[in-house]
1. What is the spin-label model distance, in nm, from LYS43 to LEU182 if the labels are put 7 Å beyond Cα along the C-beta direction?
2. What nm distance separates the two modelled labels at ASP10 and GLN103, each placed 7 Å from Cα along Cα→Cβ?
3. State the extension gain, in nm to one decimal, for the chain segment bounded by ASP116 and ARG158, taking 0.36 nm per residue of separation less the distance between their alpha-carbons.
Amino acid sequence: MEQEANHAFDERNEEVNRRIYEVERNIAEQRRLSHKNQAEFNKALAEQKRREAIRDKEEDTRKGLEEIRYHLEGDFLNETETMVGELGKKVKSDRYKGMTAEQKEQLYKDQALQRDAMRRRRLLEVEEEKHWGQQENLQLRMANALERQRERERRAEREAVAAEQKKQKEAAEIRRKKLDELYTNAVDEDYYKYWDLCM
């Protein structure tokens, strides 16, 4: 009987150790997934910042080119005495030196196309910023959900380990009581004879 009790006790110890190992393994896996998601989020954030830096640089370049073109094609460098408006003495901004009517018309078309392209580009930038903002929010929600899930699993594992330890403690107490009963001397006739002599 004692051997069976020892065997049952050892089996429970093995079961508790196995559960503890599984808990530690699950915690390690959750940490690995958390680090992976954090790395992906950091990568996406770095890519977003890189795109924003490129966009800002392109915008600065575009503004610089527009400023240069403004100075090259402005009234100051292209002014002539005959190119004035009908109602005043201001030089017309569309009178560029050496340009024919067809060239000026083509210039207007090109400028209109450039404005349309800039407008479309700005719309795309707004959409892209919106997309990256949504991606960032999604990553944050996923990270928070994962953290909550890990906390639930850790709590469940702790409760399972605590319950198993309680069972093990109860089993050990039962085993101790059985062993005490097994090795306790039974009361026989000599016991009563002894007390009769004392009295």
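Each reported figure results from applying straightforward, stated rules to the coordinates on display, with no laboratory input. All of these numbers come straight from a predicted model, not from anything done at the bench. Cβ sites come from the backbone with ideal geometry, for glycine too, and all protein chains shown count toward neighbours.
1. 6.0 nm
2. So the label points at ASP10 and GLN103 sit 10.3 nm apart.
3. That works out to 8.9 nm of additional length.
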